[in-house]
Amino acid sequence: GDYNQKIDYVFKVVLIGDSAVGKTQLLARFARNEFSLDSKATIGVEFQTKTLIIDNKIIKAQIWDTAGQERYRAVTSAYYRGAVGAMLVYDMTKRQSFDHMVKWLEELRGHADQNIVIMLIGNKCDLGSLRAVPMEDAEELAQRENLFFMETSALESTNVETCFLTILTEIYRIH
Ligand code: GDP
Ligand code: MG
């Protein structure tokens, strides 16, 4: 039969954060996952989808990636429209990308739904010797702003599946 008829939920999740923190690579890593039932690998599209099963429900995750629009206020409100989740990504070797999380959070909260689920992600944890953001700083921000938090490596595939599954499971739980 038509697989699409069986989809229980479609959840839009947006990736935001400074340029070069690894947003596109995180999405590429997630979208290629072997548990994927439906994924598009097309380069240059606004979003990629991946279908997964949570609590016996078929969930289609629609993950949006900025296409070089990371300049302040260049991300349009259409990007945030309908988003039920957001991944706020910084590069743990670039302090500035973490300091900018406050600005991204402000922009996100200005555009997105009140109950959006947000995950703070410190990417490039494979470069541990170059760490510029202590884990405690990120944990403190996450606690203060009510965000989930994880460190990932798109390169080594560390926590990538886990962070997407965590945010999607929480989104499912509250919808
Ligand atoms: P974006 O601008 O946020 O989409 O960043 P990209 O995904 O294009 O990644 C920017 C650069 O960082 C590229 O050279 C990637 O290969 C590199 N990169 C992305 N993720 C990782 C990671 O987890 N570890 C390392 N070492 N490099 C990464
Ligand atoms: Mg990119």
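The values are calculated or read from the model by the stated rules, or taken from the named source; none is laboratory data. This one's a predicted model, so the numbers in the text were calculated from it and none came from an experiment. Neighbour counts run over all protein chains shown; Cβ positions are idealised from the backbone, glycine included.
Quick rundown of the values:
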{"item": "Residue within region 105-121 that is more than 30 Å from residue 9 (Cα to Cα), in contact with a helix residue (DSSP H, G or I) (Cβ under 8 Å, 6 or more places away or on another chain) and either within 16 Å of ligand 2 (Cβ to nearest atom) or among the aliphatic types (A, V, I, L, M) (or both) present", "result": "no"}
{"item": "Residue match in region 18-35 (condition: at pLDDT below 85, within 15 Å of ligand 2 (Cβ to nearest atom) and either more than 18 Å from residue 155 (Cβ to Cβ) or outside any helix (DSSP H, G or I) (or both))", "result": "no"}
{"item": "Residue that is nearest to residue 94 (Cα to Cα), among those in region 104-130 that are in a loop (DSSP other than H, G, I, E, B) and of a type in the set (D, E, K, R)", "result": "124"}
{"item": "Search result, residues across region 124-139 that are among the small types (Gly, Ala, Ser) and surrounded by 12 or more Cβ atoms within 10 Å (Cβ to Cβ)", "result": "132, 138"}
{"item": "Condition check for residue 161: closer than 16 Å to residue 30 by Cβ, surrounded by fewer than 19 Cβ atoms within 10 Å (Cβ to Cβ) and in contact (Cβ under 8 Å) with a residue 40 or more places away in the chain", "result": "yes"}
{"item": "Some residue of region 47-63 being among the polar types (S, T, N, Q), buried (at least 17 other Cβ atoms within 10 Å of the Cβ), more than 16 Å from ligand 1 (Cβ to nearest atom) and at pLDDT 95 or above", "result": "yes"}
{"item": "Residue match in region 4-11 (condition: more than 10 Å from ligand 1 (Cβ to nearest atom) and either modelled with pLDDT under 85 or touching a Pro at 6+ places or on another chain (Cβ under 7 Å) (or both))", "result": "yes"}
{"item": "Subset tally (residues that are charged (D, E, K, R), assigned to a helix (DSSP H, G or I) and touching a residue at least 40 places away in the same chain (Cβ under 8 Å)) for region 131-152", "result": "1"}
{"item": "Some residue of region 67-81 being modelled with pLDDT of 95 or more, surrounded by 13 or more Cβ atoms within 10 Å (Cβ to Cβ), away from ligand 1 (no atom under 12 Å from the Cβ) and within 29 Å of residue 173 (Cα to Cα)", "result": "no"}
{"item": "Subset of region 82-94 that is among the small types (Gly, Ala, Ser) and in a loop (DSSP other than H, G, I, E, B) - its residue that is surrounded by the most Cβ atoms within 10 Å (Cβ to Cβ)", "result": "83"}
